[in-house]
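Scroll down for the structure; my scribbles are underneath it.
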Amino acid sequence: MRVQTSRPAAHNEAWLIVGLLFLFMLINFADKAVIGIAAVPIMTELHLSPSQFGLLGSSFFLLFAVSAVVTGFAVNRVETRSVLLAMGLLWALTQFPMLGPVGFGTLVACRIGLGAGEGPAYPVALHSTYKWFPNELRTLPTAIIAQGAGVGIMVALPLLNWVIVHYSWHWAFGVLGFAGLAWAAAWLALGREGSLATAAATVAPEKTERVPYRQLLLSPSIIGCWCASFGAYWGLSQALSWQGAFLIKGLGLAQGSICLLGALPAGASVVLVIAAGWYSQRLLARGVSSRAARGILGGACVAFGGAALVAMPYLPGIPVKIAMTTIGVALPSVIYVFSNAVVGEITPVAQRGALLAIGTAVSTSAGLLAPYVMGSVIEMAATPLDGFNTGFMICGVVMLAGGAIGMALVRPEREARRWTNEMPEAVVSA
């Protein structure tokens, strides 16, 4: 009787954690998006060229991957509750210097520090969530947490753009600092460690429950997921830094009018990712293979998004260009759910945090390149719109390649069976 009455409470607590981590990712992506919303005011005030602003956008990712990997290995041994709290506090503290007068160097330093704090955010949030849900029930909570990103941008664009227009871009950063402190206080009061972590530690303790990291890193399924995610993140990081400038400098819109148009990719991604996560979970429940329900579906979305960006420069009219860039950024975002679910499916629980973090490091390394590449081609182009068109085409080609590789390589059932036969119970994750 005690077990039966505790299950609804545990279920409710699990979804409370999902809600808190959804807000965690919401703030995370608002922190990322603010630089793109404030692009034109920052460039004007600090007298930055397009390549300098591109360097500023890329600087966020300088320590992003390193921090993700180091923290990913740490959370194999340290509770995710304390790590998430530390990250939330760090995010808040790196925003407050922007409330005063700042130069280019200070802004770059703060963005590098923020990137170091936010690099591990998504993999650690998922690792924390996977301690509450078994494999067959992970797709939907993963999709919800991932959509903290889309909702974060949707909330950030109108709110922070209003702050920029009526006050200054400095206060937009300050608002995010206070939001980070509020989340840290809520997590300190309500955050908990999942019960499946303890259960996994008690199952077959005599077994090694590990696969050599070399074997994991050379897994075709994991490589395919990471290639598709790299392509998707090229588009996301480019949009975070340059979407506002594209609407203003490329298409000739006003600063005050970009909030709704800039939020279109994020709004579309919310609908697409939740729908795709739900649909994938239903396919799995009906017996469809994970290769089809996660690998092929996710890779195809990245490839189709790339095709939209490649076609965009050749299509006339501002509404059509906005529609194509919206599809090109939103549709590939479903891979962030499927790729991490595949990694979680075939990786032993004792190594899952590290593999999720390494995957984040690989995919987000696109953020080191994409903003600077876009800034460089804009600076060399005859007109800003010509530069944006070239940058979007480069992005589309990267997405097409990543999505195609993902569709070809992801075969999680085959690898899980092989590793299970070689190391019994080693890959049966919690």
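By its C-alpha gyration tensor, with a ≥ b ≥ c as the square roots of the eigenvalues, how is region 54-99 shaped: rounded for a/c under 1.5, else prolate for a/b larger than b/c, else oblate? Oblate, since a/c reaches 1.5 and b/c is not below a/b.
Rounded to the nearest 0.05, the FRET efficiency derived from the C-beta distance between H11 and F104 at R0 = 56 Å is 0.65. Considering every alpha-carbon pair of region 41-137, the percent of pairs per 10 Å bin, from zero through the bin containing the longest distance, is 15, 39, 26, 15, 5, 0. Taking a ≥ b ≥ c as the square roots of the eigenvalues of the Cα gyration tensor, region 217-294 is classed as oblate, since a/c reaches at least 1.5 and a/b does not exceed b/c. Which number comes out as Rg/Rh for region 210-250 once both Rg and the Kirkwood Rh are worked out on C-alpha atoms? Using only Cα positions, Rg/Rh for region 210-250 is 1.33. With the biggest extent put first, the Cα atoms of the chain measure 64, 44, 35 Å across the principal axes.
By definition, a body whose alpha carbon gyration tensor gives a ≥ b ≥ c is oblate when a/c is 1.5 or more and a/b is not larger than b/c, and region 83-168 fits this oblate description.
Gain on full extension, evaluated as 0.36 nm per residue between R286 and L190 minus their Cα-Cα distance, stands at 31.0 nm. Per-residue Karplus couplings for region 174-185, computed as 6.51 cos²θ - 1.76 cosθ + 1.60 with θ equal to phi - 60°, are listed in order as x, 4, 5, x, 5, 5, x, 5, 5, 5, 4, 5 Hz, Gly and Pro entered as x. With each label modelled as a point 7 angstrom along the Cα→C-beta vector, the Y279-V165 pair spans 3.5 nm.
Compute the accessible area per residue over the chain, keeping the other protein chains in place, probe 1.4 Å, unit Å². Numbers along the way, then the final one.
Working: 16340 Å² over 430 residues.
That works out to 38 Å² per residue.
The Cα center of region 288-322 and the Cα center of region 331-374 differ in position by 19 Å.
Let me test this: with uniform point scatterers at the alpha carbons of region 215-373, what is the Debye-based log₁₀ I(q)/I(0) at q = 0.10, 0.11, 0.17 1/Å? Each listed q corresponds, in turn, to -0.39, -0.47, -0.99.
The label point for Q215 and the one for A323, both projected 7 Å from the Cα toward the Cβ, are 5.0 nm apart. Report summary: the helix-based calculation at 222 nm, which adds -39500 (n - 2.57) for every DSSP H run with n ≥ 4 and divides by the residues of the chain, gives -25500 deg cm²/dmol.
Could the peptides 27-40, 88-101, 47-60, 360-373 be put in order, highest first, of the mean number of other beta-carbon atoms found within 10 Å of their residues?
27-40, 360-373, 47-60, 88-101
What is the calculated FRET efficiency for E45 to D386, with r their C-beta to C-beta distance and R₀ = 25 Å, to the nearest 0.05? The pair E45/D386 has a calculated efficiency of 0.45.
Which number gives the lysine pairs in the chain that have C-alpha atoms under 29 Å apart and are eight or more places apart or on different chains? Please report the intermediate quantities before stating the final value.
Details: K32/K131; K32/K249; K32/K321; K131/K207; K249/K321.
Close lysine pairs under the 29 Å cut-off: 5.
What part of the accessible area of the chain, given as a whole %, is carbon or sulfur when the probe is 1.4 angstrom? Could you put the intermediate results ahead of the total?
Numbers: 11620 of 16340 Å².
Carbon with sulfur: 71 percent of the solvent-accessible area.
Residues in region 285-299 carry Karplus couplings, in order, of 5, 8, x, 5, 5, 5, 4, 6, 6, 10, x, 5, 4, x, x Hz; the curve used is 6.51 cos²θ - 1.76 cosθ + 1.60 with θ = phi - 60°, and Gly or Pro positions show x.
Applied to region 308-324, the Karplus parametrisation 6.51 cos²θ - 1.76 cosθ + 1.60 on θ = phi - 60° returns per-residue 3J(HN,Hα) values of 5, 6, 5, 6, 3, x, 8, 9, x, x, 4, x, 5, 5, 5, 4, 5 Hz, with x for Gly and Pro.
The values are calculated or read from the model by the stated rules, or taken from the named source; none is laboratory data. Keep in mind it's a predicted model, so treat the numbers as computed, not measured. Please note: Cβ atoms are built from the backbone with ideal geometry, for glycine as well, and neighbour counts cover all protein chains shown. Just so you know, the surface numbers come from the protein's heavy atoms only, side chains and all, with ligands and any DNA or RNA stripped out. Shrake-Rupley method; radii C 1.70, N 1.55, O 1.52, S 1.80 Å.
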